[in-house]
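The structure appears below as structure tokens.
Just so it is clear, none of the values below were taken in a lab; they were calculated from the coordinates. Note that the structure is predicted; figures quoted are calculated from it, not measured. Backbone-built Cβ (ideal geometry, glycine too); neighbour counts: all protein chains shown.
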Amino acid sequence: MKTPAIAILAALFLSAAFAEDAKPTPAAEGAKPTVSRHLTPEQRRARQAQMMMRRYGGMVRKAGSAQGKVLFLDAQKRVGKDALKEAFNVIEERIHPIWEYKPAEAAKARNVGAAMKEAGAAVGVALVDDEGGTTLLVAPEAGWATVNVAALDDGCGAEALAHRVRVEILRAFALVGGGAFMQRDPIVMRNDIMKPSDLDMIKEENYGIDVAYAISAGLPQRGVMPWQETTYKKACEQGWAPAPTNDVQKAIWDKVHAVPATPMKIEFDPKKGR
């Protein structure tokens, strides 16, 4: 028997009515937890650190594995240190060198090589304020580069200027640190930067995988050996992990160093002499 059309329409009407009644009230909607999809760099690092701690006991650095130093010399006043720190965080996170940030007078920053020698650094990046000077000056054979903040400031505003300077710090460090001859990188090492405003097109302040690898491989040739960093679990397996500092690391330590319940037995065979 076929269902009458009016019965079908009635069923659809009732379904819609019940669906309307089943919708959560505004109060219930407000009770739902809100999860932001946009994390700050600090929040992203904290979340990653928590994940690494739960799974592998966190990240550790091998004592004495780092050598040499990178010097960041700051002789400009247009952008404050707090606005620059994200560029240093990227270098710290991706490359792991020993580095130092040091305010300086303009005259000292213009002689980067002498400042590096005084600080005991093998690689240096100086921020200068030189009206009429070039934006980025790189001397890879000498191990230093300068970023001219004045040349980046075309009235773009404080936030945009800080972004430009951070990107140029990353570019300068990559060029002097061993990433100068990479193919075009989709992040900061682009080859279409012809004027300061072109830096505004770069949204992500970071290094691509190939560039980060090239810098890590190139720095030792310039006298800077980055920290050897790995998970606590891997460090235990390699035999150089420090003593555990929390329950997660202690569990990993105990598991790696535990005596096997059924040790391997090697039987001596007199006929074979072993």
Computed over the range 66-222, the relative contact order (Cα-Cα under 8 Å, seq sep at least six) in percent reads 23 percent
The long-range amide H neighbours of Gly208, using H built 1.01 Å from N in the peptide plane and a cut-off of under 5 Å, are Ile187, Val188, Met189
Protection proxy (average C-beta count within 10 Å per residue), highest first, orders 206-217, 96-107 as 206-217, 96-107
Quick calc, the range 66-222, dipole around Cα centre from Cβ unit charges on Lys, Arg (+) and Asp, Glu (-), nearest 20 debye, gives 380 debye
Once Leu137 and Ala107 are pulled to full extension, the length gained, defined as 0.36 nm per residue separation minus their Cα-Cα distance, is 9.2 nm
Between Met225 and residues 5 or more places away or on another chain, the pairs with built amide H atoms under 5 Å apart involve Gln67, Gly68
Given 165-171, 235-241, 142-148, the highest-first ranking by average Cβ count within 10 Å works out to 165-171, 142-148, 235-241
Packing-ranked peptide list from 71-80, 108-117, highest mean Cβ count within 10 angstrom first, is 71-80, 108-117
Everything considered on the Cα gyration tensor (a ≥ b ≥ c; rounded for a/c under 1.5, else prolate if a/b is larger than b/c, else oblate), the range 66-222 must be described as oblate
Per its Cα gyration tensor (rounded if a/c is under 1.5, else prolate when a/b beats b/c, else oblate), the range 96-187 is best filed as oblate
